[in-house]
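The values are calculated or read from the model by the stated rules, or taken from the named source; none is laboratory data. Values in this document were obtained by computation on a predicted structure and should not be read as measured data. Cβ placement follows ideal geometry from the backbone for every residue including glycine, while neighbour counts extend to all protein chains displayed.
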């Protein structure tokens, strides 16, 4: 491995840690952060760990105007034997570079990023909460920092990693959620930025989520932008259906985010010899399965919530109940197994976890 | 008019002004900026003009992660009689509020924003350049500032106005540009954010622009996201064609930005009794017009460039030359007339300019 020197400045005043039994999501941050700069001609440089502190940018910095950003989400857990585990972190940095490519941001050295992340987590390891359902959420992100109002790729960037001790993403814990099928707004189009983890995808989703929330729905089910009938994602998660014993998830098509939890679930299903299909699936097919009694389970997957059971869809006037609005057996077992692997209570036969 | 108190802190050290004969675009900023904060429950507050200075935000501020931003672009001119003119500024603040609505950002008081803008321009009026083709570019923008990693609309925002003395947007001045018709990437989809002026639209355009630039093209021509055949915009401008004496521009359809320069050109054409159509127009129609000799002119419109003549399109293997790669008569006359109205050398019969 190439040497990757990181300058470390420790904080002089450690912050108070929050009560781990009442943790929310992404509002409290650890003592330190990792920062690295990119300058055109010089590349990525000045890797440093420093006290968690505000970012200072010129008001003309491009991130404020043209949305050139990418990010990742991952989690660290501490085991009963006090080991710190990361879950498939190399996949996150790989995906970050795919996002970078789409958004015209210079790629990072993935091995160096992992070295930096490990050092940062090690330094703030006392922040990893231990209560059931809790973890240390890790947010690597890159922002365009050049002070320039022309529409072009920035010449300067910052790569930053911040970390937040978190409880469950949903306040209510693992409970089936109600989903509104979105017929007007679109999350991402073919040829757009849907498969990149970039700010604009999330900004564009807020309006539909706000309208869904007003009607009592937790999330939006996104359909394709061309025919407005094929299922893409749910909220900011990938989606799975169990229909007549077969698990179906939309195939990656360029506008769907290639979720790492999605990929892990697919591997787990294959290893259990459960029939699984990655293909186009229309809302009509789900309605039909509901009507003929073969729609057995549905759930979303993502790093923040891990697995989120779906209890009901609303599609126009049509109400689709899933498994009597209860958590399905497969959904529960996948959740237990995956979170078990992530927090070290279940043997990791997939070689996914990385010990720091 | 309601009172709108603005606290003013003048800079102690005026910056050196740039040479107005070698001005670029959006890289030099004036002495002051306007800032106003939004806090949930309190609304917009703390309107202030202060010395131009960096913005300091928590690394978890939502603008860095979820791209919740909107912006505007407008220009101020100084006339031969030393009056300062703005061009249809109320339309910009109206559009800003439309963008706000799409992006779940609280609307601003448009009258107050205009008061603030006038006061800011007045304070920095010495920065308005006077050489031909120059102006003071004004950039109002709003960013989500809440420190929170959940995907949701921010509870806090900043509304900021910065200003930059600018020359021509294109270094080469008013010259026909070469345009590549984009077949793979999409700028915006029906149901997406195309009609809002938000960062994500610009971030998503960078990749195609980069590829076009490598092949020697100045801009990308965007097609619709569904059939990939109807013309939407060119780069970050609206587009007009003159075919057989009639001027045609794509009708606003939800994914096209409702340009203020576009609207002004439409009014000017109507007032000159030039036949004009706002409707769907396919690339095939443009190719056919080229082949039968009726494609007379083509140009882009936008605040930064005002009018940008198009000399050539490339669509797959097809090369489409417009008016022998020379500026068309109508294009030149519209440019002369509109910039004349904007800088006060031509009588403003449309009542567009606002004197400060």
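Key figures for this structure:
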| read-out | value |
| --- | --- |
| Within region A:114-136, tally of residues that are surrounded by fewer than 23 Cβ atoms within 10 Å (Cβ to Cβ) and under 17 Å from the mean Cα position of the chain (by Cα) | 3 |
| When residues of region B:54-84 are limited to those that are at the interface with chain A (Cβ under 8 Å from one of its Cβ atoms) and surrounded by fewer than 17 Cβ atoms within 10 Å (Cβ to Cβ), the one nearest to the chain's Cα centre (by Cα) | B:54 |
| Filtered residues of region A:89-113 (kept if surrounded by fewer than 19 Cβ atoms within 10 Å (Cβ to Cβ) and within 29 Å of residue A:346 (Cβ to Cβ)) | A:90, A:91, A:94, A:110, A:111 |
| Total residues in region A:127-160, condition under 26 Å from residue A:300 (Cβ atoms) and at the interface with chain B (Cβ under 9 Å from one of its Cβ atoms) | 3 |
| Residue within region A:115-125 that is within 14 Å of chain B (Cβ to nearest Cβ) and either without any contact (Cβ under 8 Å) to a residue 12 or more places away in the chain or outside any loop (DSSP other than H, G, I, E, B) (or both) present | yes |
| Qualifying residue in region A:125-132 (condition: in contact with a helix residue (DSSP H, G or I) (Cβ under 6 Å, 6 or more places away or on another chain), in the same structural domain as residue A:21 (by TED's automatic domain parsing) and under 21 Å from residue A:74 (Cβ atoms)) | yes |
| Subset of region B:1-27 (residues that are farther than 21 Å from residue B:116 by Cα and assigned to a loop (DSSP other than H, G, I, E, B)) | B:13, B:15, B:16, B:17, B:18, B:19, B:23, B:24, B:25, B:27 |
| Residue B:188 being in a loop (DSSP other than H, G, I, E, B), closer than 25 Å to residue A:61 by Cβ and in the same structural domain as residue B:327 (by TED's automatic domain parsing) | yes |
| Strands (runs of 3 or more DSSP E) wholly inside region A:274-356 that include at least 2 residues being within 15 Å of residue A:178 (Cα to Cα) | A:295-302, A:306-315, A:318-321 |
| Qualifying residue in region A:137-144 (condition: more than 18 Å from the chain's Cα centre (by Cα), over 30 Å from residue A:59 (Cβ atoms) and surrounded by 20 or more Cβ atoms within 10 Å (Cβ to Cβ)) | no |
| Test: residue in region A:159-182 that is within 30 Å of residue B:183 (Cβ to Cβ) and in contact with a helix residue (DSSP H, G or I) (Cβ under 9 Å, 6 or more places away or on another chain) | yes |
| Test: residue in region B:236-247 that is surrounded by 15 or more Cβ atoms within 10 Å (Cβ to Cβ) and not in a strand (DSSP E or B) | yes |
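Results for (1) under 24 Å from residue A:211 (Cβ atoms); (2) surrounded by fewer than 22 Cβ atoms within 10 Å (Cβ to Cβ), shown as yes or no for each residue.
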residue	(1), (2)
A:253	no, yes
A:257	yes, no
A:283	yes, yes
A:316	yes, yes
A:319	yes, yes
A:322	yes, no
A:328	no, yes
A:348	no, yes
A:353	no, yes
